[in-house]
Amino acid sequence: MPHPLFTIGHSNHSIATFIALLQQHHIEVLADVRSIPASRRHPQFNKAALDQSLADAGIRYVFLGRELGARREEPGAFEDNAVSYERTARLPAFQHGLAWIREQSAEQRIALMCAEKDPLTCHRTILICRHLRAAFPGRIRHILAGGNLESHVDLEQRLLTATGEAANQDDLFAEDGDSPLDRAYRRRGKAMAWHRP
């Protein structure tokens with residue numbers, strides 16, 4: 001059975017605080033899923049600096065932004081001028097990234113990292129974890145800023161409430177075959193989607 005899967009947002013943490021959060025949860029590999037692995041406001045999270053800091057702490061850094069990032073280059077990822085999370089999920093590169101996470105988690109404790117503090121406002125949850133939840137049933141954990149964990153099940157309840165779909169939970173499937181949770185993911189994904197300049 002694979003290890004649980006974790007996610008974390010670097011937010012405005014100091015590098016010491018960030019590494020302490022990873023160590024608190026025994027993270028062995030940090031998978032960076034940012035499309036652009038840099039931060040002007042928090043240079044400690046630029047790719048080279050972060051890689052070195054993690055290596056010094058005995059944590060492996062892997063960049064998966066090309067596979068799992070939210071800003072896509074593939075024409076097939078776009079609907080009108082915005083990235084479609086549904087289309088992105090079908091891309092070969094995205095599927096390759098998911099496969100890597102599933103395979104590596106059999107041996108190592110992995111955390112997916114992006115920038116946003118709240119996992120509910122980040123593609124690491126709304127795009128990536130949506131398509132990993134079947135491989136990690138009840139075993140996705142979101143590391144919050146204070147070090148506490150939020151289960152993905154609890155996060156999905158927050159998503160249902162935030163999108164107004166909580167009131168529809170008694171309707172298992174609408175006429176279009178979507179569940180309230182499917183609609184909640186899709187609605188949040190459209191609101192968050194990156195638009196081409």
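Throughout, read-outs are computed from the coordinates displayed, never taken from laboratory work. Bear in mind that the values here come from a model prediction, so they are computed numbers and not experimental data. Every residue, glycine as well, gets a Cβ built from its backbone with ideal geometry; the counts of neighbours run over all protein chains shown.
Data table
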| quantity | calculated |
| --- | --- |
| Scan of the range 32-54 for residues that are in a helix (DSSP H, G or I) and among the polar types (S, T, N, Q), ordered by number | Gln44, Gln52, Ser53 |
| Options Gly147, Gly164, Gly97; residue that is of a type outside the set (A, V, I, L, M, F, W, C) and either touching a Ser or Thr at 6+ places or on another chain (Cβ under 8 Å) or closer than 28 Å to Arg66 by Cβ (or both) | Gly97 |
| Filtered residue count, the range 55-67, keeping only those that are touching a residue at least 24 places away in the same chain (Cβ under 8 Å), in a helix (DSSP H, G or I) and within 18 Å of Ser14 (Cβ to Cβ) | 0 |
| Those residues of the range 9-35 which are among the hydrophobic types (A, V, I, L, M, F, W, C) and surrounded by 17 or more Cβ atoms within 10 Å (Cβ to Cβ), in sequence order | Ile15, Phe18, Ile19, Leu21, Leu22, Ile27, Val29, Leu30, Ala31, Val33 |
| Criterion (aliphatic (A, V, I, L, M), over 9 Å from the mean Cα position of the chain (by Cα) and outside any loop (DSSP other than H, G, I, E, B)) met by exactly one of Leu127, Leu120, Leu112 | Leu120 |
| Residues of the range 68-97 satisfying the condition of being assigned to a helix (DSSP H, G or I), over 17 Å from Val33 (Cα atoms) and free of Cβ contacts under 8 Å to residues at least 40 places away in the same chain | Pro75, Gly76, Arg87 |
| Test: residue in the range 36-57 that is surrounded by fewer than 18 Cβ atoms within 10 Å (Cβ to Cβ), under 16 Å from Arg109 (Cβ atoms) and among the basic types (Lys, Arg) | no |
| Test result for Ser84, crowded, with 18+ Cβ neighbours inside 10 Å and closer than 25 Å to Leu54 by Cα | no |
| Test for Ala145: is it without any contact (Cβ under 8 Å) to a residue 40 or more places away in the chain, among the small types (Gly, Ala, Ser) and surrounded by fewer than 17 Cβ atoms within 10 Å (Cβ to Cβ) | no |
| Qualifying position, being closer than 18 Å to Pro119 by Cβ and in contact (Cβ under 8 Å) with a residue 60 or more places away in the chain, among Phe45, Phe18 | Phe45 |
| Test result for Glu73, out of contact with any Phe, Trp or Tyr (no Cβ under 7 Å at 6 or more places or on another chain), under 20 Å from Pro137 (Cβ atoms), exposed (fewer than 13 other Cβ atoms within 10 Å of the Cβ) and not small (Gly, Ala, Ser) | no |
